[in-house]
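Asks: This structure is in structure tokens; I'll ask about it shortly.
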Amino acid sequence: MTSSSYPLVSVLRARHTGYLLFTSLLGRLPGAMAALAIVQLVRSTSGDFAFAGLITAVYVIAGAAGQPLLGRLIDRLGQVAVLAISGVLSFLAFTGMALTLDPAPGAAVALAAAAGLFTPPLEPALRALWPRLVRPGPQLKAAFSLDAGAQEIIFIVGPLLTVAGIALFGPIGNLLFAGGLGLIGALAFILNPAPWAASTDRQSDLTRSARVRSPILMPAIARVTVFTFGIGLPVGALTIVATASEAARSGTGLPGLAGWILAVNAVGALVGATVVGIRPLGSTPARLLTLCGTLLAVGYLPLAVTALPTWAYLLAAGISGLMLPPTLGQVFERVSQLSAPAALTEANGWIVSGMTLGIGTGTLAAGIAVGASGTAAITWIVLAASALTALLSLVVRPGRRHR
């Protein structure tokens with residue numbers, strides 16, 4: 001059979017796709033490293049879980065604000081300049097945060113906000129390029145599935161790189177390491193001709209794109225954004241849950257357990273992405289979103305059983321990741337159906353924003369809970385996050401008006 005029988009193979013063979021996917025993932029590594037890196041840096045100084053949750057949440061929430069804003073700039077000005085400038089500014093903020101967290105924690109919180117705000121919007125930028133790089137239909141569906149699955153690689157590699165970075169460079173050097181990888185990835189991404197071509201086209205069409213209203217004003221996209229916020233809640237809480245689980249098992253568990261929990265969670269997600277890539281879900285995104293979100297919420301429930309042996313808890317972490325890529329794949333496809341092409345980067349930016357805001361909220365709430373009640377709060381954190389995810393999945397349930 002030819003590669004046309006396998007849309008995923010044809011996507012990978014299309015011009016520029018492999019390079020853009022790789023460099024995009026490289027530039028997005030700080031998103032998979034920063035939360036754990038910041039928490040571990042705070043633990044090495046004050047050891048305050050509540051402050052760790054606060055500064056991590058500030059970073060993530062600022063990123064949520066920055067993605068649609070930078071996405072709108074890309075829709076108006078093109079990818080190259082926005083990605084380059086934001087990459088440099090984010091790296092400088094990472095550097096300042098790492099160096100000031102111990103002597104000046106207030107300044108470190110402000111710099112964490114800047115690092116998040118200027119995070120290069122590589123994720124929405126790549127998704128806006130997919131319709132230019134591959135054919136519509138099965139090939140475009142395969143590209144979105146590949147995107148959702150491949151980003152799980154960074155959530156496998158990211159925590160392990162954090163563990164290795166702390167061992168090699170110390171907690172401060174590890175944060176600089178994470179920021180540097182983000183800058184390298186952003187600059188490498190814009191060396192490709194595709195972002196330059198997209199930027200040239202956008203400049204020539206600036207007047208028309210400036211008249212396109214913000215996609216968040218569309219009720220259907222707003223509902224998908226709220227849904228994506230909901231699936232981010234347990235993902236964000238997991239960073240604190242993993243760190244607290246490591247602390248609770250100190251002396252009896254696996255060294256670096258927090259990093260392993262997050263990495264195994266991402267392995268589970270990669271398995272989910274592989275399965276759905278081989279056997280695509282057989283209905284429309286509008287009908288599948290609620291089901292996918294509910295199954296994702298249920299998958300996190302085993303992590304509430306804190307008495308599990310370490311090996312079983314790691315298995316539960318893997319189970320909790322299974323439904324994330326299938327759910328995100330449906331989100332990406334639905335947004336591409338709903339958004340005007342001239343606002344597609346911003347629309348994807350809002351989706352990223354919803355996800356990261358959910359992650360930040362989950363991290364902050366979990367940090368406060370563990371800071372107040374200790375590791376005994378893990379069970380209630382998982383139960384609450386799963387319940388909210390299932391509840392918010394109802395906003396996109398079948399039968400609602402989607403346009």
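Asks: Can you give me the angle between helix 324-338 and the longest principal axis of the chain, using Cα atoms only, in degrees from 0 to 90, rounded to the nearest 10?
Replies: 30 degrees
Asks: Among P215, P285, P105, which one moves the most in a GNM of the chain with springs linking Cα atoms closer than 10 Å?
Replies: P105
Asks: Tilt of helix 378-392 relative to the longest C-alpha principal axis of the chain, in degrees (0 to 90, nearest 10)?
Replies: Value to nearest ten degrees: 20.
Asks: Work out the FRET efficiency for S46 and T379 from their Cβ-Cβ distance, taking R0 = 22 Å, and round it to the nearest 0.05.
Replies: 0.30
Asks: Given the -39500 (n - 2.57) contribution per DSSP H run of 4+ residues, what per-residue ellipticity at 222 nm results for the chain, rounded to the nearest 500 deg cm²/dmol?
Replies: Mean residue ellipticity, 222 nm, calculated: -27000 deg cm²/dmol.
Asks: In degrees, nearest 10, range 0 to 90: what is the angle between the Cα axis of helix 193-204 and the longest Cα principal axis of the chain?
Replies: 60 degrees
Asks: Now for a different question. Take V298 and F169, extend 7 Å from each Cα along the Cα→Cβ direction, and tell me the distance between the two endpoints in nm.
Replies: About 4.2 nm, to one decimal.
Asks: Could I ask something else about it? For L394 and A222, FRET efficiency with R0 = 25 Å and r from the beta-carbon atoms, rounded to 0.05?
Replies: 0.95
Asks: Find the relative contact order for the chain and round it to a whole percent, using C-alpha pairs within less than 8 Å whose residues are 6+ positions apart. Please report the intermediate quantities before stating the final value.
Replies: Details: 750 pairs, mean separation 114.3, N = 403.
Normalised by residue count, the contact order of the chain is 28 percent.
Asks: With the Cα gyration tensor of segment 49-195 in hand, give its eigenvalues times 5 under a square root as the equivalent ellipsoid semi-axes, listed largest first in whole angstrom. Can you show the working numbers first?
Replies: Values: eigenvalues 173, 62, 38 Å².
The three semi-axes for segment 49-195 are 29, 18, 14 Å.
Asks: Of the residues L392, L295, L281, which exhibits the maximal mean-square fluctuation in a Gaussian network model of the chain defined by a 10 Å Cα contact cut-off?
Replies: Maximum fluctuation in the GNM of the chain, among the listed residues, is at L281.
Asks: Now for a different question. Would you mind ranking S10, S44 by Cβ crowding within 10 Å, fewest neighbours first?
Replies: S44, S10
Asks: Report which label in [x] 19.9, 63; [y] 21.9, 74; [z] 25.6, 77 holds the value of Rg and Dmax of the Cα atoms in Å derived from the coordinates of this structure.
Replies: Matching the structure shown: [x].
Asks: If you rank R28, R43 by fewest surrounding Cβ atoms within 10 Å, what's the result?
Replies: Working: R28 25, R43 18.
Ordered from fewest to most neighbouring Cβ atoms within 10 Å, R28, R43 come out as R43, R28.
Asks: Based on the mean of other beta carbon atoms within 10 Å per residue, what is the order of 52-64, 87-99, most packed first?
Replies: 52-64, 87-99
Since every read-out is calculated from the coordinates, none of them should be taken as a lab result. Because the structure is a prediction, the values reported are computed rather than measured. Every residue, glycine among them, receives a Cβ derived from its backbone with ideal geometry; neighbour counts consider all protein chains shown.
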